[in-house]
Every structure is written in C-alpha cells, then in structure tokens.
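Written out below as structure tokens is the structure these notes cover.
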Amino acid sequence: QVQLVESGGGLVQPGGSLRLSCAASRSIFSFDAMRWYRQAPGKERVLVTTIHSNGITTYADSVKGRFTISRGDAKNTVYLQMNSLKPEDTAVYYCNAIFYGNDYWGQGTQVTVSS
C-alpha cells in the first residue's frame with residue numbers, strides 16, 4: 001500500500017507562485033513514476049506533469065515553462081513548483097504514484113488563482 005499526502009495549495013494572485021508537496025509513505029524511487037494531475041470545477045481530471053524513475057520529466061503544453069516537478073532530498077517527497085500562475089490554473093491538484101502497475105492517489109489540494 002502507498003499513501004500520498006499533498007500540501008501547499010492556497011489562494012494566490014495571477015502571476016504569483018506556489019509550491020505543492022506530495023509526501024509518500026515510501027521512497028519515491030520505488031515508484032515507476034510520479035505525476036501531478038489537476039481537476040477544475042466541472043471538468044475532467046487531466047495530467048499536468050510526470051517524473052519517471054529515471055528522472056525524465058514531461059509537461060502538459062499548458063504549463064510548460066511555468067511548472068517544474070522535482071524530487072526532494074528526503075527521498076519521499078515530490079514537489080510541483082508553479083510560477084506565473086493564471087486563473088485557468090485554478091483546480092484541485094492531485095499527486096499520483098504508479099507502483100507495480102497500480103495507481104495511488106492523494107486527497108488533493110486546492111489551488112485558486114484570483115485577484
């Protein structure tokens with residue numbers, strides 16, 4: 001079993017920054033990949049970014065150049081640095097881990113971008 005806990009969401013003005021954290025119950029290096037998804041009100045959950053076990057990262061076009069996924073030194077945390085935030089980034093952000101072919105999810109953290 002894997003537990004994931006997100007934190008760091010909140011209210012921020014357009015152009016601002018936030019850093020989300022995802023703390024896992026085991027070393028993130030044991031996962032095939034870790035991902036951040038987001039779900040805006042009334043919309044489907046969509047993939048934002050992935051970091052694979054080999055360190056390769058990918059991003060949705062909508063966040064490229066603004067968001068950065070990284071692994072923490074503590075080996076059980078993944079971060080999502082979000083810069084130049086826009087109102088359309090408003091969503092619940094979910095951490096996801098793939099472990100032996102199974103998906104595990106956190107409870108989500110709300111990010112609201114508004115003036």
Subject >> Local net charge near Ala60, Cβ-Cβ under 14 Å (Lys/Arg +1, Asp/Glu -1) >> reply: +3
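Expressed as a rounded percentage, what relative contact order does the chain have, with Cα pairs under 8 Å and six or more residues apart?
On the way: 280 pairs, mean separation 43.2, N = 115.
RCO, the chain: 38 percent.
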**OP:** State in Å² the accessible area per residue of the chain; use a 1.4 Å probe, count heavy atoms of protein chains only, and round to the nearest integer.
**Re:** 52 Å²
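How large a share of the accessible area of the chain, in percent, is made up of carbon and sulfur atoms when the probe is 1.4 Å and the other protein chains stay in place?
Numbers: 2800 of 6000 Å².
About 47 percent, which is the carbon plus sulfur part of the accessible surface.
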Subject >> Bins of 5 Å, starting at 0 and running to the largest distance - Cα pair percent for the chain >> reply: 2, 13, 25, 26, 19, 10, 4, 1, 0
Original post:
With labels modelled as points extended 7 Å from the Cα through the Cβ direction, what inter-label distance (nm, one decimal) is found for Asn102 paired with Lys86?
Top reply: 3.8 nm
Subject >> Nearest-20 debye value, the chain charge dipole, Cβ charges on Lys, Arg, Asp, Glu >> reply: 120 debye
**OP:** Provide the percentage of antiparallel DSSP beta bridges, counting only those with both residues in the chain; round to the nearest 5.
**Re:** 95 percent
Original post:
If the cut-off is 18 Å between C-alpha atoms, which aspartates and glutamates fall inside it for Lys43, apart from same-chain ones fewer than 8 positions away?
Top reply: Asp61, Glu88, Asp89
Original post:
By how many nm would the segment from Thr57 to Arg71 grow when fully extended, if each residue of separation counts as 0.36 nm and the alpha-carbon distance is taken off?
Top reply: 4.0 nm
**OP:** Apply the Karplus parameterisation 6.51 cos²θ - 1.76 cosθ + 1.60, with θ equal to phi minus 60°, to every residue of the range 30-40 and state each ³J(HN,Hα) to the nearest whole Hz, in sequence, with x for glycine and proline.
**Re:** 7, 8, 5, 6, 10, 9, 10, 10, 9, 9, 7
Subject >> Phi-based couplings in Hz for the range 84-92 (Karplus 6.51, -1.76, 1.60; Gly and Pro marked x) >> reply: 6, 5, 10, x, 6, 7, 4, 4, 8
**OP:** Starting from the Cα-Cα distance between Glu44 and Ser25, subtract it from 0.36 nm times their residue separation and give me the gain in nm to one decimal.
**Re:** 4.1 nm
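The values are calculated or read from the model by the stated rules, or taken from the named source; none is laboratory data. Predicted, not measured: the structure shown is a model, and the values here were computed from it. Glycine also receives a Cβ, built like all others from the backbone with ideal geometry; neighbour counts cover every protein chain displayed. Quick note on the areas: whole protein, heavy atoms, side chains included, nothing else; ligands and nucleic acids left out. Shrake-Rupley method; radii C 1.70, N 1.55, O 1.52, S 1.80 Å.
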